C-alpha cells in the first residue's frame, strides 16, 4: 500500500476574487504553473507521488489540466487527420498517479476528506491545503507522526504579521518593525498527517469542517500533535500574496523549492 497525499482543492477563494472569478484557487499560477503543481512537487520530491484531489468550485478546470498535462507543458506536433496521434518534443512528463474526486461545490474541509475515504488504503495519509507552500521536511514529518502514534499531526508555522509592528510612548514612535514574526503564536500551516481513525471524527455532511470541530475534538482526546516548522512557509490568500510568490519565483528565490 502507498501513502497518499490528499489536497483540498474545492474552496472558492473569495479573497482572491480577481483570479478565482475565472479559475479555482489551486489553478492560480506561480511562474507559469498552477500553485497546485508546486504543492504536489513538494511531496513528490520526498517520494510521495500518489495524490487524491478533493475538487469543488470549478473543479472541471483541474480535471482538464491534468488530463491534458502533456499538451499544457510540452511542445508537440499533432496530426489533424488523427488528433489522438500526438508527438511531444520536450520531456516535461511526471510519474504521478492522481485521483480527481468531486467532493461538492459547497462542502467544508472535513466533508471533503470524508468523501474520499474510499480512496485511502494505507493506515496513514497526508493532507494539505491547496494554497500553501513551504520547504517542509515531509519525510521528518511522517517519521514524527509514526513515532508518537496519535491520530493526527499538524504542521505548526510561525506566521509573519501582515502589518508592521509599532512600539510607541505617548505620540512618539520608539521602534518600527515591518511584518515581524509572532514570537508566541504557532498556526496550522497545513501539511498534516492522519491515521485512518480521523474518519471517525468526520461526516460527509457539507457543514462538517476540519479545524472547527474535528481537530478541536482530537485535541481534547489527546490525539493531536504538532510538528514545528521554522523554515519558509507562505500561503496565497490575496492578490498581493500571489504577486509576492511570483516575485520569489522570478528572482530564483522560491523558498519552497528543494534543491
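Quick look at the values:
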item	result
Per-selection Rg to Rh, the range 209-259 - Cα, Kirkwood hydrodynamic radius	1.18
Relative contact order (%) - criterion: Cα under 8 Å, at least six apart; region: the chain	24
Rounded if a/c under 1.5, otherwise prolate or oblate - the range 4-152, Cα gyration tensor axes	prolate
Length-normalised contact order of the range 1-130 in % [C-alpha pairs under 8 Å, at least 6 apart]	39
Relative packing of peptides 32-41, 16-25 - highest average C-beta neighbours within 10 Å first	32-41, 16-25
Ranked packing of 47-53, 214-220, most packed first, by mean Cβ within 10 Å	47-53, 214-220
Length gained when the stretch residue 80-residue 200 is fully extended (0.36 nm per residue, less Cα-Cα span)	38.0 nm
Most fluctuating residue given options 106, 234, 152, as computed from a GNM of the chain linking Cα atoms under 10 Å	106
The chain, Cα convex hull volume normalised per residue, Å³	168
Stretch gain in nm, segment residue 146-residue 60, where the contour uses 0.36 nm per residue and the Cα spacing is subtracted	27.4 nm
Linear extension gain, residue 232 paired with residue 119, 0.36 nm per residue minus alpha-carbon span	37.6 nm
Structure-based [θ]222 nm, the chain - -39500 (n - 2.57) summed over DSSP H runs of at least 4, per residue, nearest 500	-6500 deg cm²/dmol
Prolate/oblate/rounded label for the range 70-114 (Cα gyration tensor, a/c 1.5)	prolate
Distance in nm between pseudo-label sites at residue 91 and residue 45 (7 Å out along the Cβ direction from Cα)	2.1
Segments 119-129, 82-92 sorted - mean Cβ within 10 Å per residue, highest first	119-129, 82-92
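Quick note: the coordinates plus some simple rules give every number you see, no bench work behind them. Predicted model only: the values in this text are computed from it and were never measured. No Cβ is skipped: glycine too gets one built from the backbone with ideal geometry, and neighbour counts run over all protein chains shown.
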